[in-house]
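In what follows, a single structure is set out as structure tokens and then discussed.
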Amino acid sequence: VAKDLGRNRYQFYAPEMNMRGLDRLTLESDLHRAIERNELFLMYQPQLDLNTGNVVGLEALVRWQHPSRGLISPGQFIPIAEICGLITPVGNWVLESACHQHVRWVSQGLIKGTMAVNISAHQFRQADFCDRVSDVLLRTGLEPDLLELEVTESVVMHGIDQVLHKLNVLRGLGVTLAIDDFGTGYSSLSYLKQFPLHRLKIDQSFTCGLPADLESSAIAEAIIQMGHSLGLDVLAEGIETRAQVTNLQSLGCDAGQGFLYARPLSVEECGDYLLAAVGDRR
Ligand code: C2E
Ligand code: MG
Ligand code: MG
Ligand code: MG
């Protein structure tokens, strides 16, 4: 390893933490080129209505096929992209690609539901974020109400006045808004009520404990009831077992996504999945 690092970089050598620092630096410079080299791609995970079993949407999940390191998950490179300011080009690429793909599937009659896109904190805070969204909708021709933006609690619970304004502008464009990983952050209920939201996504750490773990159950139930009383749709993330579905159904949860239904799928796999689902409905 020391040899690879070269003479002037021995300071990165020994401790774990510094190795991670080096890792970050090289990943950072590689990420600069990743978009132009076409190394990013999207996987799509279906979202289902828990009562009818119909596909109600897809979530776009980004991946990085690194030329030498192989597949890198968003959990590894999105935080780096946020730190080094690359989240804007990465985020814009994701938004545009997901919308383009969705227009194709919608026009092929494969889906009527939404395409959900994850928006990171830094991306959301960009002054021109709403303009970017509006541009992408115009360029791709996607019906605004077929685009759902996912933000986390921490994103919307800071700088409330600006956030509220932004969410209202986005709502004005016609896009729908979801809170991702709900229950893991801190939400003020009075703000939740004011925000023009459509959906809460119960974090998978709670779904995971269902049905046996009483705390997870209580939290899931509370989120579903509160969501419904605010007029919001509630979707459970990370559904892996039938028992979880039964539990969530009995709690009145509207929708779900997870490995039980489908893992994140490649474009080809997702097209096939949607085609089969359309066939089932006929
Ligand atoms: P998330 O938005 O909460 O996405 C759900 C994550 O859970 C995904 O991981 C998905 O593959 C995984 N998952 C889905 N079903 C199951 C299940 O049944 N069991 C388990 N154990 N996991 C399941 P992934 O794709 O690695 O993404 C991780 C996180 O990275 C996402 O969490 C999201 O916060 C972020 N992310 C992904 N794509 C993007 C993107 O395009 N932009 C931004 N800003 N963040 C992204
Ligand atoms: Mg998400
Ligand atoms: Mg989530
Ligand atoms: Mg998550």
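The values are calculated or read from the model by the stated rules, or taken from the named source; none is laboratory data. Worth saying up front: this structure is predicted, and the values here are computed from it rather than measured. We place every Cβ from the backbone using ideal geometry, glycine too, and count neighbours over all the protein chains shown. Heads up: the accessible areas ignore ligands, DNA and RNA and are worked out on the full protein's heavy atoms, side chains in. Shrake-Rupley method; radii C 1.70, N 1.55, O 1.52, S 1.80 Å.
Scanning the range 73-111 for residues that are touching a residue at least 40 places away in the same chain (Cβ under 8 Å), open to solvent by less than 30 Å² (accessible area, probe 1.4 Å) and of a type in the set (V, I, T) yields a total of 4. The number of residues in the range 151-178 that are under 19 Å from D203 (Cβ atoms) and among the basic types (K, R) comes to 0. Determine, yes or no, whether L86 is in contact with a helix residue (DSSP H, G or I) (Cβ under 7 Å, 6 or more places away or on another chain), closer than 24 Å to A236 by Cα and aliphatic (A, V, I, L, M). So L86 fails the test. Selection of the range 252-281 for residues being touching a residue at least 24 places away in the same chain (Cβ under 8 Å), within 16 Å of ligand 4 (Cβ to nearest atom) and open to solvent by 60 Å² or more (accessible area, probe 1.4 Å) yields only R263.
Each row is one residue, and each column tells you yes or no for (1) at pLDDT 95 or above; (2) within 15 Å of ligand 1 (Cβ to nearest atom); (3) more than 16 Å from T152 (Cβ to Cβ).
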| position | (1), (2), (3) |
| --- | --- |
| S188 | no, no, no |
| Q194 | no, no, yes |
| L197 | yes, no, no |
| T207 | yes, yes, yes |
| H228 | yes, no, yes |
| R242 | yes, yes, yes |
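Of the residues contained in the range 156-176, one or more are found to be in a strand (DSSP E or B), more than 13 Å from ligand 2 (Cβ to nearest atom) and touching a Lys or Arg at 6+ places or on another chain (Cβ under 8 Å).
Set side by side, the residues S187, S229 differ, and just one is of a type in the set (S, T, Y) and in contact (Cβ under 8 Å) with a residue 24 or more places away in the chain, which is S187. Do we find a residue being closer than 22 Å to G113 by Cα, over 20 Å from the mean Cα position of the chain (by Cα) and surrounded by fewer than 20 Cβ atoms within 10 Å (Cβ to Cβ) anywhere in the range 151-167? For the range 151-167, residues closer than 22 Å to G113 by Cα, over 20 Å from the mean Cα position of the chain (by Cα) and surrounded by fewer than 20 Cβ atoms within 10 Å (Cβ to Cβ): absent. Consider S190 carefully, then state whether it is open to solvent by 40 Å² or more (accessible area, probe 1.4 Å), within 15 Å of ligand 3 (Cβ to nearest atom), at negative phi and not in a loop (DSSP other than H, G, I, E, B). Considered against the rule, which asks whether it is open to solvent by 40 Å² or more (accessible area, probe 1.4 Å), within 15 Å of ligand 3 (Cβ to nearest atom), at negative phi and not in a loop (DSSP other than H, G, I, E, B), S190 comes out as no. The number of residues in the range 172-186 being within 12 Å of ligand 4 (Cβ to nearest atom), at pLDDT 95 or above and open to solvent by 20 Å² or more (accessible area, probe 1.4 Å) comes to 1. Among the residues of the range 129-149, those that are over 19 Å from W105 (Cβ atoms) and in contact (Cβ under 8 Å) with a residue 24 or more places away in the chain comprise F129, C130, R132, V133, S134. Does L95 meet the test of being at pLDDT 95 or above, aliphatic (A, V, I, L, M) and within 16 Å of ligand 2 (Cβ to nearest atom)? So L95 fits the description; yes.
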